[in-house]
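Readers should treat all values here as calculations from the given coordinates under stated rules, not as data from a laboratory. A quick note: this is a predicted structure, and the numbers were derived from the prediction, not measured. Methodologically, a virtual Cβ is constructed for each residue, glycine included, from the backbone with ideal geometry; neighbour enumeration extends over all protein chains shown.
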Amino acid sequence: MPRIVSRRAILFFAAALCAGGASEDPWLKIISANFVLYTTDGERSGRSLVRHFEEVRSFFVQAFGDRLPDAKPACIIAFRNEKEFEPYRPSEFAAAFFHAGISHDFIVMGSGSIDHYPVAVHEFTHMMVHESGHEYPPWFNEGLAELFSNLQPMGKRIRVGQDIPGHIMTLDRERRLPLAALLRVDYSSPYYNEKSKAGIFYAESWKLVHMLFLDPSYRPQLKALDSALKQGDSVAALEAVYHKSIAAIESDLHSYLSGGTIKVMVFDIQLPKSVDTPEVETSAGMSARVALAEMLSNTRGRSEQASAAYESLAKDYPNRWEVEQGWGQFCWQQYKLDDAARHYARAVELGGQDPRLFLDYGRVLSYSNHPADAIDILAKGARLSPNDDEIHFELGSGSLTRIQVAGYEGHG
């Protein structure tokens, strides 16, 4: 549900943004092979964090054979303290969260310190599942995120399966769900949404996925299970893949991890060559704040905060096309096409060279019934990025007839 934000809270949020722009810029931008990290928690912390995410990503790709071909750029934002994190926190208990945006997917953390890694990696696992196009049932989605949450890198290897003491205690103390009931929990279930019941759901899901990943009699069928789960029925998928009844699998699960021991495995991982030499940019406050504003702009219940963020950015950086482009996108999402066109035009005037700017500006002009102007802008985008299929598709779409496009090309 969207959180209701008071006018007072929005004013505090805007004041905090203005103060951040006036003081010394604490933001760093760290770019690795697969991530862009914005952090106020220092370079040493940022380098360690982005390396850890590269290690976890490498293991995910190895485990599932996915290359994430359609993944949006992954943006990590790590604050240095709870005070900075508070205006963005989705709930009072969240230490980190995943947000699927329009142009980027975000992981936002209250701190970049190592004790925040498990929660952040849990959310990052959800991001990787989302980007890979998988739609897993809750028990597998959350069990997988918990299994990955405490991966332990060891150079070019990674240790998988270490115990999670909180889950072990829950399994020892609370009444367990029957396996068939666990497999049928959906995203509306009290076991997924109510704090008093979610503990046993997460603990049992972690234990089941732990067994499926690491037990020698189950692990070889993991990729077959991945395919079978896409059919939607977890009970049928498990029985078909493992050739066992749910009762037999449940019996194996009860004895798994018994005797005070836990199975841990070590896997090789392939890291990008540049993992130890990421690009580091100091004084990155403008681009970090644009990223935060983008995240707010497509979060339910946060439009007033997003508007305050863009107004503050425009005040602090009046001649940056990136700010105008982001503000234009926000206005478009609000169906304010005239405002969107005005901000996009200003971004182009300020020297914006992002092909996405010209694509979105062209679409806004087309939907505003200005086809000739749209063709002009889209053609400029095509010249900037000749292989951009989206721009070429838009030039040939139904809203811009072939006669219009041919007429434009005839003037070229």
Discussion item. For a Förster distance of 30 Å, can you work out the FRET efficiency between the beta-carbons of E311 and D376, rounded to the nearest 0.05?
Written reply: 0.50
Worksheet item: With Cβ to Cβ distances under 15 Å as the rule, what net charge do the other residues near E279 carry (K, R +1; D, E -1)?
Response: 0
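Length gain on complete extension for the stretch Y335 to D186, per 0.36 nm per residue less the alpha carbon to alpha carbon distance?
The span from Y335 to D186 would gain 50.3 nm if fully extended.
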Worksheet item: Taking 0.36 nm per intervening residue step and subtracting the Cα-Cα distance, what contour gain separates Q270 from S368 on full extension?
Response: 30.4 nm
Worksheet item: What percent of all Cα-Cα pairs in the range 163-263 falls in each 10 Å bin, counting up from 0?
Response: 14, 48, 33, 4
Discussion item. Between R383 and Q162, how high is the FRET efficiency from 1/(1 + (r/R0)^6) when r is the Cβ-Cβ distance and R₀ = 51 Å? Nearest 0.05.
Written reply: 0.45
Response to the item:
Kirkwood Rh over alpha-carbon pairs of the range 196-241 plugged into Stokes-Einstein at 25 °C, 0.890 mPa s gives a D in µm²/s of 216 µm²/s
Response to the item:
Plugging the Cβ-Cβ distance of M154 and Q353 into 1/(1 + (r/R0)^6) at R0 = 51 Å yields, to the nearest 0.05, a FRET efficiency of 0.75
Worksheet item: Hey, rough spin-label estimate for E92 and E304, points 7 angstrom out along Cα→Cβ, what's it come to in nanometres?
Response: 2.0 nm
Worksheet item: With a Cα-only, solvent-free Debye model of the chain, what are the log10 I(q)/I(0) values at q = 0.09, 0.13 Å⁻¹?
Response: -0.66, -1.16
Practice prompt. Excluding A340 itself, calculate the net charge of residues whose Cβ lies under 10 Å from the Cβ of A340, where each Lys or Arg counts +1 and each Asp or Glu counts -1.
Written response: 0
Discussion item. Compute the angle between helix 402-411 and the longest alpha-carbon principal axis of the chain, please, reported from 0 to 90 degrees and rounded to the nearest 10.
Written reply: 50 degrees
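When the chain is fully extended, how far beyond the present Cα-Cα distance does I262 get from S227, taking 0.36 nm per residue of separation?
9.9 nm
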Worksheet entry | Computed [θ] at 222 nm, deg cm²/dmol, the chain (DSSP H ≥ 4; -39,500 (n - 2.57); rounded to nearest 500) | -17000 deg cm²/dmol
Response to the item:
With Cα coordinates, the longest principal axis of the chain makes an angle with the long axis of helix 337-349, in degrees rounded to 10, of 80 degrees
Worksheet, complete the sentence: Helix 138-149 sits off the longest principal axis of the Cα atoms of the chain, rounded to the nearest 10 on a 0 to 90 degree scale, by 90 degrees
Discussion item. Suppose we keep just the alpha-carbon trace of the range 75-189; what are its Rg and Dmax in angstrom?
Written reply: 15.7, 44
